[in-house]
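This structure is in structure tokens; I'll ask about it shortly.
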Amino acid sequence: DTAVSQTPKYLVTQMGNDKSIKCEQNLGHDTMYWYKQDSKKFLKIMFSYNNKELIINETVPNRFSPKSPDKAHLNLHINSLELGDSAVYFCASGRKGHTEAFFGQGTRLTVV
Amino acid sequence: AQSVTQLGSHVSVSEGALVLLRCNYSSSVPPYLFWYVQYPNQGLQLLLKYTTGATLVKGINGFEAEFKKSETSFHLTKPSAHMSDAAEYFCAVSDSDDMRFGAGTRLTVKP
């Protein structure tokens, strides 16, 4: 039973396209996150949601829009994809208040 | 604002040697600290965590870390490296809303 699952695992698309990455967690957590990992392995938080409400929105282009239909899901929609968006995107979940985050396997996005 | 700094982007040790990966934190409140490991093409897996209580924390795969408030450090150690330990290691600090990661340290284990 996968705790945090992301789809797709790989995504190759052309510049200018719009794409979505889905994330679901079955751990009963109330907080979900999106992280971006660049080619140098640096992990940067993009968004944090608690009980479907946006808590953190780091300096991320507004082409990136998270959507949380319920506590178990946090999807990431990206408009007008650019070459610089190529990265691995990780979804994670946890409980509010200092607990560890559980990560999905990542989605490798390649924009060509 | 909380943050962590990992000293050394790349550490190389021989199999059987001591592993020491360094992490220093900055936090305005008592920190909650974590070490994660990432194997190639995989997500992050929790190795260990410090919340409160005992400052020496033991984790999976023989790793441990010691929280030293006076040094604002949370270094990760393993007495004897194994080839399977080769991976990327991340130190992280958490407050109630999010988790911030260090830049990562790539551990290479030589036969």
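Pick from region B:1-51 the residues that are hydroxyl-bearing (Ser, Thr, Tyr) and crowded, with 18+ Cβ neighbours inside 10 Å: which of them is modelled with the highest pLDDT?
B:36
Can you pull out every residue in region B:92-111 that is within 11 Å of another protein chain (Cβ to nearest Cβ) and in a strand (DSSP E or B)?
Those that are within 11 Å of another protein chain (Cβ to nearest Cβ) and in a strand (DSSP E or B): B:92, B:93, B:94, B:99, B:100, B:101, B:105, B:106.
Same structure, new question: More than 28 Å from residue A:95 (Cα to Cα) and not aliphatic (A, V, I, L, M): is that true of residue B:73 in this structure?
no
Can you say whether residue A:71 is under 20 Å from residue B:94 (Cα atoms) and in contact (Cβ under 8 Å) with a residue 12 or more places away in the chain, as far as the supplied structure shows?
No: the conditions fail for residue A:71.
Right, another one. Quick one: how many residues across region A:10-33 are at pLDDT below 95 and under 12 Å from residue A:89 (Cβ atoms)?
Final tally of qualifying residues: 1.
Moving on to the next point. Taking the condition surrounded by 14 or more Cβ atoms within 10 Å (Cβ to Cβ) and either aromatic (Phe, Trp, Tyr) or farther than 20 Å from residue A:4 by Cα (or both), does residue B:54 pass?
Here the answer is no, as residue B:54 does not meet what is asked.
What is the one condition in (1) under 30 Å from residue A:29 (Cα atoms); (2) assigned to a loop (DSSP other than H, G, I, E, B) that residue B:5 does not satisfy?
Against the list (1) under 30 Å from residue A:29 (Cα atoms); (2) assigned to a loop (DSSP other than H, G, I, E, B), residue B:5 comes up short only on (2).
I've got another one for you. Sort out which residues of region A:39-85 are among the charged types (D, E, K, R) and either surrounded by fewer than 16 Cβ atoms within 10 Å (Cβ to Cβ) or away from chain B (no Cβ under 14 Å) (or both), and write them in order of number.
The answer is A:40, A:44, A:52, A:53, A:58, A:63, A:67, A:70, A:71, A:82, A:85.
The values are calculated or read from the model by the stated rules, or taken from the named source; none is laboratory data. All figures in this text were calculated on a predicted structure; none of them were measured in a lab. Counting neighbours? That spans all protein chains shown, and the Cβs are built from the backbone with ideal geometry, glycine included.
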